[in-house]
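Only the coordinates and a few stated rules stand behind these numbers; no lab work does. Bear in mind the structure is a predicted one, so any value in this text is a computation, not a measurement. So basically every Cβ, Gly included, is an ideal-geometry build from the backbone, and we count neighbours across all protein chains shown.
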Amino acid sequence: MPDAGSNPAPGFARKPDHAMSFAPSGQHIVVKLGGEIIAETDRALLCEESGHGPVHYIPMTDTRADLFRPTATHTHCPFKGDASYWSITAGGKEARDAAWSYDLPFDEAVTIKGHMAFYPDRVDSIEVG
């Protein structure tokens, strides 16, 4: 983790009991859209965070980057930072804002830089195991 104070998450000042952790998933993850594999990895990070279900973050190098295009959608998380969104086209199917990533995450989430997560209801499947 970077030096304390270089880019701290402001959310923890307001909610110091908020829990957020990242650890290697240890599982094989396959994401499909339109019947095609759009991401596959054994190197996913599992994020467990207060108020959210577990989320797998997949290294961008383990995605089919040629199928992804950035959108104008951005959101802010006071614990992780600003998220950018991606639409995906595969197998004749388009999924708008189906994936997100944090280009400049806060210190507490820096481990997910260069990773991408997927909305389960916007892709065909996220197979874990």
In this structure, the FRET efficiency calculated for residue 18 and residue 113 from their beta-carbon separation, with R0 = 25 Å, to the nearest 0.05, is 0.80
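May I ask for the equivalent-ellipsoid semi-axes of segment 28-70, computed as the square root of five times each C-alpha gyration tensor eigenvalue and listed largest first in whole Å? Mind dumping the intermediate values first?
Numbers: eigenvalues 88, 26, 22 Å².
In descending order the semi-axes read 21, 11, 11 Å.
Once every DSSP H run of n ≥ 4 in the chain is given -39500 (n - 2.57) and the sum is divided by its residues, what mean residue ellipticity at 222 nm do you get, rounded to the nearest 500 deg cm²/dmol?
Working: 1 runs with 4 residues, N = 129.
My calculation for the chain gives -500 deg cm²/dmol from helical runs alone.
Report the charge-dipole magnitude of segment 20-127 in Debye, nearest 20, computed about the Cα centre from +1 at each Lys and Arg Cβ and -1 at each Asp and Glu Cβ. Each step should come with its number before you reach the end.
Values: 9 positive and 16 negative charges, 43 e Å.
It comes to approximately 200 debye.
So what is the relative contact order of the chain, in percent, for Cα pairs below 8 Å that sit 6 or more residues apart?
Working: 288 pairs, mean separation 35.1, N = 129.
Once normalised by length, the contact order is 27 percent.
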So how much slack lies between residue 43 and residue 61, counting 0.36 nm per residue of separation and subtracting their Cα-Cα distance, in nm?
5.5 nm
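Could you estimate the translational diffusion coefficient of the chain from the Stokes-Einstein equation, with Rh from the Kirkwood formula over C-alpha pairs, at 20 °C and 1.002 mPa s, in whole µm²/s?
My calculation gives 142 µm²/s for D.
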Net charge of Cβ neighbours under 13 Å - reference residue 62; Lys, Arg +1; Asp, Glu -1
0
Which residue, 12, 79, 68, has the most motion in a Gaussian network model of the chain that connects Cα atoms within less than 10 Å?
12
Most fluctuating residue given options 54, 24, 16, as computed from a GNM of the chain linking Cα atoms under 10 Å
16
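How much net charge surrounds residue 29 when only the other residues with a Cβ under 12 Å from the Cβ of residue 29 are counted, with Lys and Arg +1 and Asp and Glu -1? Please report the intermediate quantities before stating the final value.
Values: positive: 32, 43; negative: 40, 42, 62, 127.
Surrounding charge for residue 29 is -2.
Once you have the Cα-Cα distance between residue 96 and residue 69, take 0.36 nm times their residue separation minus that, and quote the gain in nm to one decimal. Numbers along the way, then the final one.
Values: separation 27, 0.36 × 27 = 9.72 nm, distance 0.95 nm.
8.8 nm is the gain from fully extending residue 96 to residue 69.
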Using a Gaussian network model of the chain with C-alpha springs under 10 Å, which one of 97, 42, 17 is most mobile by mean-square fluctuation?
17
